[in-house]
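This report concerns only the one structure given below.
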Amino acid sequence: MSVAIMQPYFFPYLGYFQLVQSVDDFVFYDDVMFIKKGWINRNQILMQQNAFLFTIPLEKQSQNKSIRESNIAWGPEFPNKWLQQLQSAYKKAPQFILVMDLIESVLQKKPMSIADLAASSVMATWQYLNLEKRFHFSSELGVSKDLDRAERLMAITDNLGSKQYINAKNGQELYQKEYFADQGFQLHFLNQSLPPYSQGSKHDFIPGLSMIDVLMWNSKQDIVSMLSSYSLI
């Protein structure tokens, strides 16, 4: 059994989903601090053949709010205007109708917290692809938030009955395999791959866009194949 732990992002890029694919249990790290101008409530889609950054508006943020405590400012800008932008950007994409239905199903419940909306976008995509995974929220696992960063990751992993933790590759700057091993845990890093695919009339492939772009242009079967385009180091 293996575990990955990551902040919930709204329809994150393909590499995030490859991390989900690599483990048995995936934990949305929702009780850590919200990082402004990060990827929790922002992402990029393909608009007029260029990467276009969109942002889900949040209610006024006080300092030191967790992701769980960060609430969405529902209104005319979001989701209505954003949905119109999606329709304009992807109306000619082969999976447009199916994917718009998926997106609208995620938005339908209008949760207060960005943590719930972002996590829902990941879980609903997983279900759309007819895949199974055990998903969890760190805020519901009862693991102390007073632990140091590495210790808390190990405690969450242990809480789920595992001794194998997988982190995104950029975690190599933060975590040492030897330190985890000394505590009885195996640490691996995910080296993701972003294979190119047709983006309609766009000739120069733009990697790393929101999963929305991947979903719009590719069949479910092709996407499932892309999810395995990673290696563990």
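The values are calculated or read from the model by the stated rules, or taken from the named source; none is laboratory data. Keep in mind it's a predicted model, so treat the numbers as computed, not measured. In this analysis, Cβ positions are derived from the backbone assuming ideal geometry, glycine residues included, and neighbour counts consider all displayed protein chains.
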Matching residues, the range 129-138, being surrounded by fewer than 18 Cβ atoms within 10 Å (Cβ to Cβ) and at negative phi: Leu129, Leu131, Glu132, Lys133, Arg134, Phe135, Phe137
Index of the failed condition, Asn170 passing every other in (1) assigned to a loop (DSSP other than H, G, I, E, B); (2) exposed (fewer than 13 other Cβ atoms within 10 Å of the Cβ): (1)
Subset of the range 35-58 (residues that are modelled with pLDDT under 95 and either crowded, with 19+ Cβ neighbours inside 10 Å or acidic (Asp, Glu) (or both)): none
Matching residues, the range 178-233, being among the hydroxyl-bearing types (Ser, Thr, Tyr), over 18 Å from the mean Cα position of the chain (by Cα) and part of a strand (DSSP E or B): Ser231
Criterion violated by Asn191 - all others in (1) surrounded by 12 or more Cβ atoms within 10 Å (Cβ to Cβ); (2) without any contact (Cβ under 8 Å) to a residue 60 or more places away in the chain; (3) out of contact with any strand residue (DSSP E or B) (no Cβ under 7 Å at 6 or more places or on another chain) satisfied: (3)
Meets criteria (of a type in the set (Lys, Arg) and at pLDDT below 95) for Lys109: yes
Any hit, the range 153-164, residues being within 25 Å of Ile103 (Cβ to Cβ) and buried (at least 17 other Cβ atoms within 10 Å of the Cβ): no
Enumeration of residues in the range 24-59 that are within 14 Å of the chain's Cα centre (by Cα), part of a loop (DSSP other than H, G, I, E, B) and closer than 22 Å to Thr157 by Cα: Tyr29, Asp30
Residue that is surrounded by the most Cβ atoms within 10 Å (Cβ to Cβ), among those in the range 196-233 that are touching a strand residue (DSSP E or B) at 6+ places or on another chain (Cβ under 6 Å) and over 16 Å from Ala93 (Cα atoms): Tyr230
Residue in the range 106-116 that is of a type outside the set (Val, Ile, Thr), touching a residue at least 40 places away in the same chain (Cβ under 8 Å) and part of a loop (DSSP other than H, G, I, E, B) present: yes
Residue in the range 60-75 that is at pLDDT 95 or above, more than 19 Å from Tyr13 (Cβ to Cβ) and in a helix (DSSP H, G or I) present: no
Filter result (polar (S, T, N, Q) and either part of a loop (DSSP other than H, G, I, E, B) or more than 20 Å from Tyr13 (Cβ to Cβ) (or both)) within the range 76-98: Asn80, Gln84, Gln87, Ser88, Gln95
Single unsatisfied condition, Glu140 versus (1) over 30 Å from Ile103 (Cβ atoms); (2) without any contact (Cβ under 8 Å) to a residue 60 or more places away in the chain: (1)
